[in-house]
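Notes follow once the structure below has been shown.
The values are calculated or read from the model by the stated rules, or taken from the named source; none is laboratory data. Note that the coordinates shown come from a computational prediction; the quantities given were computed from them, not determined experimentally. Cβ placement follows ideal geometry from the backbone for every residue including glycine, while neighbour counts extend to all protein chains displayed.
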Amino acid sequence: MAEPYPDSVRCALLLAFEAGEGSLEELAEDFRVSYGYAKKIRQQQVRSGKMERQKRVYSPQSPLHEERQKKLLQWVEEQPDLTLLELQERLQREWDLRLSLSAIWRALKRLGLRFKKNSIRRNNSKSGFKRPGQPSSRR
């Protein structure tokens with residue numbers, strides 16, 4: 001896997017740009033990096049105010065800790081036909097917790113919950129799957 005450019009290259013390019021030594025396109029060519037990379041690091045600098053590469057910080061803990069997971073499980077057991085949207089609204093109302101639908105889906109999956117089985121059923125013939133009410137391929 002490719003390694004990121006060192007901060008020295010990044011800072012040198014951005015300092016040269018701020019000093020007016022050329023456009024991003026010209027400086028990218030001088031520093032032997034792509035123009036897309038030069039644009040990207042300039043945009044990051046404008047957003048963060050820093051020239052150095054920013055380290056990603058991951059949350060060490062899920063916002064759905066054990067107590068909330070139990071409550072989520074309880075809601076689904078009480079009302080199995082709840083939609084992800086309804087669960088999202090309940091989480092926001094109960095704990096002012098804003099989670100994406102995919103985050104809620106992942107939490108349910110970790111709890112061992114899943115959607116009902118698909119209505120497509122297996123046909124014993126070699127033709128594979130068939131929908132209920134569909135005529136058989138055998139004659």
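Just a few scattered comments:
- Residues of segment 111-124 satisfying the condition of being at pLDDT 85 or above and exposed (fewer than 11 other Cβ atoms within 10 Å of the Cβ): G112
Here is a yes/no grid of residues against (1) more than 30 Å from R110 (Cα to Cα); (2) touching a residue at least 24 places away in the same chain (Cβ under 8 Å); (3) touching a Ser or Thr at 6+ places or on another chain (Cβ under 8 Å):
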{"residue": "M1", "(1), (2), (3)": "yes, no, no"}
{"residue": "G20", "(1), (2), (3)": "yes, no, no"}
{"residue": "L24", "(1), (2), (3)": "yes, no, no"}
{"residue": "G36", "(1), (2), (3)": "yes, no, no"}
{"residue": "M51", "(1), (2), (3)": "yes, yes, no"}
{"residue": "R56", "(1), (2), (3)": "no, no, no"}
{"residue": "L73", "(1), (2), (3)": "no, yes, no"}
{"residue": "E94", "(1), (2), (3)": "no, no, no"}
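- Filter pass, Q69 being assigned to a helix (DSSP H, G or I), closer than 11 Å to R10 by Cα and among the polar types (S, T, N, Q): no
- Failed condition for S8, given (1) touching a Pro at 6+ places or on another chain (Cβ under 9 Å); (2) assigned to a helix (DSSP H, G or I): (1)
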